[in-house]
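The values are calculated or read from the model by the stated rules, or taken from the named source; none is laboratory data. These figures come from a predicted structure and were not determined experimentally. Backbone-built Cβ (ideal geometry, glycine too); neighbour counts: all protein chains shown.
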Amino acid sequence: MKVVGLAGWSGAGKTTLLARVIPVLTARGLGVSTVKHAHHAFDIDQPGKDSHVHRSAGATEVLVASGRRWALMHELRAAEEPRLAALLMRLSPVDLVIVEGFKREAHPKVEIHRAANGKPWLFPDISHVHGLICDADPPQWGGPRVGLDAAEAAADLMLEAAQPLADVVARLTVTAPLDLARQPRKARRTG
């Protein structure tokens, strides 16, 4: 299992690119999973559904399953937001995990940049950027880059930048051990 991130400002086209790159990767026979960071409150559940009632009643986890899919919803309640390393360890094995967001974490990344956004490049200020997918000439960049519309080349670039899960998790947990990332705040207090 390998991991690569896709970092970019809102409006750069990360989701649009992934919608084009994931089919390229799966057509090559690769299993792909994604991890998406949301900067806002979100809910995949619907009020009135049994699972929503269970969560609202206080359940920490609600697992919903059918013959087509299953989903596990976990309420953080008093716990801190989990770190990327802890989330990666929860995934089932696949060939490639693509992380959208978590740009400040120390996993390998490819930056997506759209000039029309008017936003600065991320690579001078964030770590582990191994390539660019962009529509403009980046300042002082000597690494690989491909165009925004080049899905095959973008897939190649992401695969080249990807690193083994164990290496990524080891680097990510230097500052936040996995066992602490999964425990509620109150459980960490000693004394």
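Here is how the numbers come out for the structure above:
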| read-out | value |
| --- | --- |
| One residue from Leu96, Leu17, Leu72, Leu84 being of a type in the set (A, V, I, L, M, F, W, C) and within 11 Å of the chain's Cα centre (by Cα) | Leu84 |
| Selected residue [touching a Gly at 6+ places or on another chain (Cβ under 9 Å) and surrounded by 13 or more Cβ atoms within 10 Å (Cβ to Cβ)] from Val35, Val3 | Val35 |
| Exclusive hit being β-branched (Val, Ile, Thr) and over 23 Å from Ala151 (Cβ atoms), set Ile126, Ile98 | Ile126 |
| Index of the failed condition, Ile44 passing every other in (1) among the β-branched types (Val, Ile, Thr); (2) part of a loop (DSSP other than H, G, I, E, B); (3) exposed (fewer than 14 other Cβ atoms within 10 Å of the Cβ); (4) at pLDDT 80 or above | (4) |
| Criterion: modelled with pLDDT under 95, surrounded by 14 or more Cβ atoms within 10 Å (Cβ to Cβ), part of a helix (DSSP H, G or I) and in contact with a strand residue (DSSP E or B) (Cβ under 8 Å, 6 or more places away or on another chain) - qualifying residue of Leu87, Leu91 | Leu87 |
| Hits in the range 94-122 (condition: in a loop (DSSP other than H, G, I, E, B) and either acidic (Asp, Glu) or crowded, with 22+ Cβ neighbours inside 10 Å (or both)) | Asp95, Glu105, His107, Pro108 |
| Failed criterion for Gly48 (all others in (1) out of contact with any Ser or Thr (no Cβ under 9 Å at 6 or more places or on another chain); (2) on the phi < 0 side of the Ramachandran plot hold) | (2) |
| Residues that are closer than 25 Å to Ala86 by Cα and either surrounded by 19 or more Cβ atoms within 10 Å (Cβ to Cβ) or of a type in the set (Asp, Glu) (or both), drawn from the range 132-160 | Met158, Glu160 |
| Some residue of the range 100-115 being on the phi > 0 side of the Ramachandran plot and among the hydrophobic types (A, V, I, L, M, F, W, C) | yes |
| Output for the range 140-157, where each listed residue is closer than 16 Å to Pro23 by Cα and either in contact with a His (Cβ under 7 Å, 6 or more places away or on another chain) or not in a loop (DSSP other than H, G, I, E, B) (or both) | Ala151, Glu152, Ala153, Ala154, Ala155, Asp156, Leu157 |
